Amino acid sequence: MAPTARNRGSGHSKKELQKEILKRQTSAKEKDVRESESEIVAVVEGWCPSQYTALKALLSARLCAAIWGLINDCDETYNYWEPTHYLLYGKGFQTWEYSPAFALRSYTYLLVHAVPGWLYCTLLQPNPMLVFFFIRCCLALGCSGSELYFYRGVCKEFGSNIGLVTLGVQVFSAGMFTAATAFLPSSFAMYMTLLSVGAWFHQSPQLAIFTTAISTFLGWPFAGALGIPIAYDIIVRKKQVVMFVKWCFISAITILVPMVQIDSQYFGRLVVAPLNIVLYNVFSSRGSSLYGTEPWTFYFINGFLNFNIMFIAAFISLPLCMMVIQVVIPLRRHRQSLPLWLSLSPMYLWLCVFILQPHKEERFLFPIYPLICLGGAITTDSVQRVWWWLRGGRPNHYLRHTTWLALSILALSSTLSVSRIFSQYRAFRAPVETFMEINRLAAEGHFPADRPITLCLGREWHRFPSSFFLPGLNWNVQFIESEFRGQLPQPYSQEPNGTAIIPQHMNDANLEETTRYVDIQSCELLVDLDHEEETPREPRYAAYTNNWTTIHSLPFMDSSRSNRLLRAFYVPFLTECYSTYLNYTLLQSTRWKSNIRNPGH
């Protein structure tokens with residue numbers, strides 16, 4: 001008997017069969033689309049280093065900075081290393097900012113750095129110079145961890161391509177090399193910027209608020225400006241006013257209460273150091289215009305020296321990227337939780353504020369160095385998109401054909417940065433190496449260890465790397481007259497409560513205090529830069545061989561008589577041809593030859 005329509009084949013009706021066929025075709029198409037999307041996503045994600053690899057690269061770079069980085073700012077020596085040396089060894093220089101009469105600096109901030117040094121010193125009892133480098137290595141470790149968190153946040157917010165370029169700029173840039181291990185509040189503020197902006201990108205607003213508060217209260221009060229875009233995002237965009245107020249209160253209480261207690265104990269009176277520094281710099285008649293002022297171009301020149309083409313790229317990142325995304329390649333950036341203008345606004349806000357200030361210094365830009373790295377990476381990504389578009393916009397994703405361009409830009413920037421780092425070290429390493437030589441000579445017994453030794457500084461007072469580089473506590477650094485007519489620091493009181501004693505002959509107007517100077521006849525050793533030009537206050541001591549014997553000398557670049565470009569970036573052979581060097585000398589007084597053995601140099 002012939003089969004009926006009901007039981008033919010699989011037993012499905014014609015309509016059911018058509019539906020099944022259509023369903024299978026749709027599934028096949030969806031599968032193809034999913035595979036295609038997966039392929040595109042893989043290209044969008046691209047390759048980026050793992051967290052472990054990124055940490056190794058960052059830590060390697062930062063440890064190099066800890067060992068070979070120079071002290072480029074006398075403020076770092078006298079306002080941070082010297083008081084820390086006093087906290088550890090009971091001896092060091094004090095500036096007017098640490099006088100209880102003014103109390104602009106925080107001892108709590110110093111203790112954060114001094115405690116690791118104290119542990120290392122107590123457990124191993126090393127040479128103070130090793131304690132110096134140990135503290136620097138701790139700074140390198142803290143900076144590396146903060147940078148890693150920031151890198152992860154960038155990858156989450158912007159994708160792996162921008163994360164990769166940001167990491168590359170961080171590792172190799174001369175700016176990060178300088179700032180990463182500097183013992184300065186602006187460097188500490190940079191660490192907190194890495195954490196607060198990283199937390200912002202990770203969508204962790206509570207951590208972003210707390211780290212911004214640490215940066216503001218414990219580090220540098222003006223760094224609070226970098227938290228304005230974060231506050232705008234939380235209050236205006238996300239309407240989380242209660243949470244914002246709650247965490248601001250928690251942060252302020254958690255940080256300020258112990259900080260005020262510690263500082264008040266050291267100063268001997270109630271002190272709120274962040275408030276004092278704001279009152280002095282913003283509301284006093286002196287403020288930021290008291291010290292060296294620079295033209296508005298200062299930060300642009302400095303930014304180019306430290307980040308070369310990446311600084312220019314960072315500066316144009318917002319307008320270029322907005323044009324590329326909206327006009328050239330209207331590609332939705334599905335990863336971003338923040339508007340691009342808001343993500344980049346902290347960098348532009350900081351530049352606007354500090355360009356307008358008359359007093360400008362390199363360290364004032366430290367807090368936004370990571371944001372410069374990010375801005376440069378965003379511009380690099382935009383350039384890749386434009387190149388892809390100009391080449392006809394192939395069907396595949398732009399990263400498939402432009403990775404070589406990003407790597408080329410990164411290689412050029414890294415080469416210029418390494419050239420800058422090497423140029424600075426090679427030209428200006430003499431002060432640190434001179435004091436390391438003093439330590440070597442002392443270890444070999446060339447100087448007596450059983451009596452005080454007086455080492456004098458004149459024109460080179462501002463390049464003194466700190467008392468950590470003196471062979472022992474029997475060494476005393478003194479100042480002789482030079483052409484510098486401002487206020488020099490003076491030793492802390494040797495009383496038990498030395499930090500609470502108001503020192504005499506201190507002023508907050510940078511007026512010269514002649515009580516700082518000693519007679520040249522009392523100097524046993526002298527560190528000096530041998531200029532050919534002489535003045536009554538700065539003679540050529542090395543030329544007076546009847547009074548002084550040169551026992552060590554190193555070349556030190558004379559910037560005024562060297563090619564500007566070739567002194568800024570090292571170019572093999574050419575830098576040597578177009579640079580002039582002076583002798584950085586360690587001199588021994590002939591009056592004390594009977595007391596100090598001649599090293600025979």
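Peptides 223-231, 47-55 ranked from most to least packed by the mean count of surrounding Cβ atoms within 10 Å: 223-231, 47-55.
To the nearest ten degrees, helix 340-355 and the longest principal axis of the Cα atoms of the chain are 20 degrees apart. Under 17 Å from a label point set 7 Å out along the Cα-to-Cβ vector of Tyr578, no amide N atom of the stretch 428-448 is found.
Beyond 14 Å, the tail of the calculated P(r) for the stretch 110-181 holds 67 percent of the Cα pairs.
For the stretch 495-582, what does the relative contact order come out to in percent, with C-alpha contacts under 8 Å and a separation of six or more? Kindly include the intermediate steps, with their values, before the conclusion.
Numbers: 48 pairs, mean separation 17.1, N = 88.
Over the stretch 495-582, the number comes to 19 percent.
A viscosity of 0.890 mPa s and a temperature of 25 °C, combined with the Kirkwood radius over C-alpha pairs in the Stokes-Einstein formula, give the stretch 336-421 a diffusion coefficient of 160 µm²/s.
Taking every C-alpha pair closer than 8 Å and separated by at least 6 residues, the mean separation divided by the residue count of the stretch 51-428 gives a relative contact order of 21 percent. Students often get this wrong, so check it: of Lys56/Lys156; Lys56/Lys360; Lys156/Lys238, which have C-alpha atoms separated by over 29 Å? Checking Cα-Cα distances, Lys56/Lys360 exceed 29 Å. Sorted from longest to shortest, the spans of the Cα atoms of the chain along the three principal axes equal 132, 58, 47 Å.
Note on Ile67 and Val112: the model spin-label points, each 7 Å out from Cα along the C-beta direction, lie 2.7 nm apart. For Phe479, nonlocal amide neighbours, meaning residues 5 or more places apart or on other chains whose placed amide H falls under 5 Å from its own, are Leu457, Val518.
Bridge orientation summary for the stretch 430-592: considering DSSP beta bridges with both residues in this region, about 65 percent are antiparallel. Here is the P(r) of the stretch 504-563: all C-alpha pair distances, binned every 5 Å from 0, give 4, 12, 19, 19, 15, 15, 11, 5, 0 in whole percents. The listed peptides 138-145, 450-457, 163-170, 505-512, ordered by packing as a protection proxy, come out as 163-170, 138-145, 450-457, 505-512 (highest mean of other Cβ atoms within 10 Å first). Sorting the Cα pairs of the stretch 430-592 by distance into bins of 10 Å, from 0 upward, gives 9, 33, 33, 19, 5, 1 percent per bin.
Taking the mean number of other Cβ atoms within 10 Å as a proxy for protection, how do you rank 421-431, 481-491 from highest to lowest?
Numbers: 421-431: 19.6, 481-491: 16.5.
The packing order, highest mean first, is 421-431, 481-491.
With a Förster radius of 60 Å applied to the C-beta separation of Ala449 and Lys246, the computed FRET efficiency comes to 0.55. Here Arg237, Arg420, Arg152 are placed in order of increasing Cβ neighbour count within 10 Å, fewest first, which gives Arg237, Arg152, Arg420.
Applying 1/(1 + (r/R0)^6) with R0 = 45 Å to the Cβ-Cβ distance of Leu356 and Trp404 gives a FRET efficiency near 0.65.
Each value in this text was obtained by applying a stated rule to the coordinates, not by laboratory testing. A quick note: this is a predicted structure, and the numbers were derived from the prediction, not measured. Neighbour counts run over all protein chains shown; Cβ positions are idealised from the backbone, glycine included.
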